[in-house]
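Written below as structure tokens is the structure these notes are about.
The values are calculated or read from the model by the stated rules, or taken from the named source; none is laboratory data. All figures in this text were calculated on a predicted structure; none of them were measured in a lab. Cβ: placed from backbone, ideal geometry, glycine included. Neighbour counts: every protein chain shown. In case anyone asks, the SASA skips ligands and DNA or RNA and just uses the protein heavy atoms, side chains included. Shrake-Rupley method; radii C 1.70, N 1.55, O 1.52, S 1.80 Å.
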Amino acid sequence: MKKTKWSLLLTIVLVLSVFLSACSGKSDSDGKEKASGTTDGEGSKEKVLNLLETSEIPYLDNIMADDSVSLNVANNVYEGLYTLDDKDQPVPAGITGEPEEKDGGKTWVFKLRDDAVWSNGEKVTANDYVFAWRKAVAKETATQYSFIYQVAGILNADKILNPEDKMYNKTDQLGVKAIDDHTLEVKFSGDTSAKPYLKAVLSFPTFYPQNEKFVKEQGKEFALEADKALYNGPYTLTKWEHEKGWVMKKNEKYWDKKNVKVDTINTNVVKEEATRINLFETGKADRTSISAEYVDQYKDKKDIFSTVPESTVFFLRMNQKNKALANENIRHAIDMGWDKKQLTDVLLNNGSVPAFFLVPSKFVNGPDGADFREKNGDLNKGDAAKAKEYWEKGLKELGTKKVDLTLLNYDSDTAQKDAQFIKNQLEKNLPGLSLKIKPQPFKQKLKLEEKLDYDISYAGWGPDYPDPMTFVDMFITGGSHNEMNYSNKKYDELIKKASAETDLQKRWDMMQEAEKILIEEDAAISPMYQRGLAFITKSNIKNIHNHSFGGDYSYKHWDVQ
């Protein structure tokens, strides 16, 4: 996911005075600010959670959501067939139990909950799923997550999404059907037993339903404001001040509201880390991430400090539309030309580890029980001397002694320091290279990547579902998340075969071979680090669970005590 669960590196400027203004949503009728766990004046305790983000919500429409902030919001205000529990296992949510399987597992019949309703009181129906799923694969929608319907193997999704197929954009041919208001039939194109992660895929926000009547009434205004969307999840978005923050309230119409502990969640957009720390220390925020310079200050305070290992991997995209970056030796040089361990151990200092890979360690095990990383290990590992050799070969092939490149970057404090470190190292180790840093707000950065309007980009990817394919299929030729003009026929063929392979070990081997081609042979990307996060959290915030894929958090499980 464009995640990319990048919520800690995203950016919008917000100073303390703005935080304390109207966007906070924490004032009672007397205008007094509420802290976590304060009462409502009648003796009953309202549980309030005050969080910080570093980016505006790019998309409230769950079908369009393709970044960590949007996906996290969608994960809490909407709900689909499945949701993830605190152990990242998919459990029934919008359905009453597990589906009835027919046709050797190629057809699944789901019974929807009779008590699942939208925030306007209308029941969630099977047609809401049919409408949303067809919208997700429609040409007109152009969502970057259409491909996930192919990942799930929904019947005809591959043909509907293929401009060269006669079934292209015929969304009514998608393998989903409303038998009646509370019975949804889903047909798959292949053997579902070869997809042990399928239910986890179906928990992803792109598979959530949408109320057709409401969406069509809103037209182009749908989901552009808090009151322009309908909600069926644990929370509703009641206030959204763009670039400032938003408020989520417990959904009183939610079928499982008795298990939703927190009443109000205030999220404020704050870019500057010093401001976030100040807000935490003064009781205005309950939780914030911290970077290297603050870790030593808090690491001994065990009641509030914690580190969280993640399955998110950051890397440098190298756009091969650029003549220099189309050269394999130049790419190898850039990948080896900077010290990844110094970046993680000194600049980040938050539990992140150097990455010489795409698929993270301790993410998933194969059919033989071994971690995906065990076979391939570290790829394209080199040093400054080796990098210089590649660099000189590349310059000779290009017929030049000088290369000017621009690094597209997030505009957060942390990302700026990272980029400056990489710039200094590369310019020192690769004579003739000039690297200019171009920081951009998160949403604008995504647009520039989509248009391939950059040279090198500081990027990241968090998994959408628990399988290596969520990483390796990003870089197929013409893929919606390729975004760097990379193409390798052998790589494409391996991903295609792995997607259809029913022998799980053969499938695993194919994905491992593809990863080696991407990094070791082609140096298509320069892996940076597998992210770890350091947080300070008020000791009365309980039951925090970080999902290793999909939306980062399910606030339904959180509590304020």
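One residue stands out among those in the range 119-129 that are under 18 Å from Ile63 (Cβ atoms) and open to solvent by 30 Å² or more (accessible area, probe 1.4 Å): the one that is nearest to the chain's Cα centre (by Cα), which is Ser119.
State whether the residues of the range 210-224 include one that is open to solvent by less than 10 Å² (accessible area, probe 1.4 Å) and out of contact with any strand residue (DSSP E or B) (no Cβ under 7 Å at 6 or more places or on another chain). Within the range 210-224, one or more residues are open to solvent by less than 10 Å² (accessible area, probe 1.4 Å) and out of contact with any strand residue (DSSP E or B) (no Cβ under 7 Å at 6 or more places or on another chain).
Applying the selection to the range 391-417, what residues are among the acidic types (Asp, Glu) and either modelled with pLDDT of 95 or more or not in a helix (DSSP H, G or I) (or both)? Reasoning before the result, please.
If we filter the range 391-417 for residues that are among the acidic types (Asp, Glu), which is where we start, we get 392, 397, 404, 411, 413.
Scanning the range 391-417 gives Glu392, Glu397, Asp404, Asp411.
In the range 76-118, the residue that is most open to solvent (accessible area, probe 1.4 Å) out of those that are within 25 Å of Pro463 (Cα to Cα) and in contact with a helix residue (DSSP H, G or I) (Cβ under 6 Å, 6 or more places away or on another chain) is Asp86. Please work out if Ala324 is among the small types (Gly, Ala, Ser) and surrounded by 15 or more Cβ atoms within 10 Å (Cβ to Cβ). Here the answer is yes, as Ala324 does meet what is asked.
This table checks each residue for (1) open to solvent by 20 Å² or more (accessible area, probe 1.4 Å); (2) within 24 Å of the chain's Cα centre (by Cα).
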| site | (1), (2) |
| --- | --- |
| Leu347 | yes, yes |
| Pro360 | no, yes |
| Phe363 | yes, yes |
| Gly366 | no, yes |
| Ala385 | yes, no |
| Trp391 | no, no |
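From Ser27, Ser21, Ser44, which residue is at pLDDT below 50 and either open to solvent by 50 Å² or more (accessible area, probe 1.4 Å) or of a type in the set (Asp, Glu) (or both)? Lay out the reasoning, then the answer.
Working: Ser21 fails: either open to solvent by 50 Å² or more (accessible area, probe 1.4 Å) or of a type in the set (Asp, Glu) (or both); Ser44 fails: at pLDDT below 50.
Matching residue, one of Ser27, Ser21, Ser44: Ser27.
Looking across the range 237-281, just one residue is free of Cβ contacts under 8 Å to residues at least 60 places away in the same chain, open to solvent by less than 70 Å² (accessible area, probe 1.4 Å) and of a type in the set (Lys, Arg), and that is Lys250.
Tell me the residue from Val130, Val109, Val69, Val91 that is in contact with a Phe, Trp or Tyr (Cβ under 9 Å, 6 or more places away or on another chain) and touching a residue at least 24 places away in the same chain (Cβ under 8 Å), please.
Details: Val130 fails: in contact with a Phe, Trp or Tyr (Cβ under 9 Å, 6 or more places away or on another chain); Val109 fails: in contact with a Phe, Trp or Tyr (Cβ under 9 Å, 6 or more places away or on another chain); Val91 fails: touching a residue at least 24 places away in the same chain (Cβ under 8 Å).
It is Val69.
Taking the conditions exactly as written (closer than 24 Å to Asp371 by Cβ and either at pLDDT 95 or above or buried (at least 17 other Cβ atoms within 10 Å of the Cβ) (or both)), does Gly532 satisfy them or not? So Gly532 fits the description; yes. Only one entry of Phe372, Phe315 meets the criterion of being more than 23 Å from Gln425 (Cβ to Cβ), buried (at least 19 other Cβ atoms within 10 Å of the Cβ) and either in contact with a His (Cβ under 9 Å, 6 or more places away or on another chain) or touching a residue at least 60 places away in the same chain (Cβ under 8 Å) (or both), and that entry is Phe372.
Contact annotation: residue pairs with Cβ atoms under 6 Å, 6 or more positions apart or on different chains, pairing a residue in the range 167-180 that is within 11 Å of Val137 (Cα to Cα) and free of Cβ contacts under 8 Å to residues at least 60 places away in the same chain with a partner that is polar (S, T, N, Q) and surrounded by fewer than 17 Cβ atoms within 10 Å (Cβ to Cβ), are Tyr168/Asn162. The criterion of at least 3 residues that are within 25 Å of Gly478 (Cβ to Cβ) is met, among strands (runs of 3 or more DSSP E) falling completely within the range 263-332, by 305-318. Cβ-Cβ distances below 8 Å connect the following pairs, each with a first residue in the range 413-428 that is under 14 Å from Trp338 (Cα atoms), a second residue that is part of a helix (DSSP H, G or I) and open to solvent by 60 Å² or more (accessible area, probe 1.4 Å), and a separation of six or more residues or different chains: Phe421/Gln342.
Within the range 194-205, none of the residues are modelled with pLDDT of 95 or more, surrounded by fewer than 22 Cβ atoms within 10 Å (Cβ to Cβ) and over 27 Å from the mean Cα position of the chain (by Cα). Can you name the residue in the range 398-453 that is within 23 Å of Asn482 (Cβ to Cβ) and basic (Lys, Arg) and, of all such residues, is most open to solvent (accessible area, probe 1.4 Å)? So, considering only residues that are within 23 Å of Asn482 (Cβ to Cβ) and basic (Lys, Arg), the one most open to solvent (accessible area, probe 1.4 Å) is Lys451. Would you be able to say whether some residue in the range 430-444 is modelled with pLDDT under 95 and aliphatic (A, V, I, L, M)? Within the range 430-444 (the criterion being modelled with pLDDT under 95 and aliphatic (A, V, I, L, M)), the answer is no, since none of the residues qualifies.
Considering only residues in the range 468-525 that are within 27 Å of Val137 (Cα to Cα), aliphatic (A, V, I, L, M) and open to solvent by 50 Å² or more (accessible area, probe 1.4 Å), the one that is nearest to the chain's Cα centre (by Cα) turns out to be Ile476.
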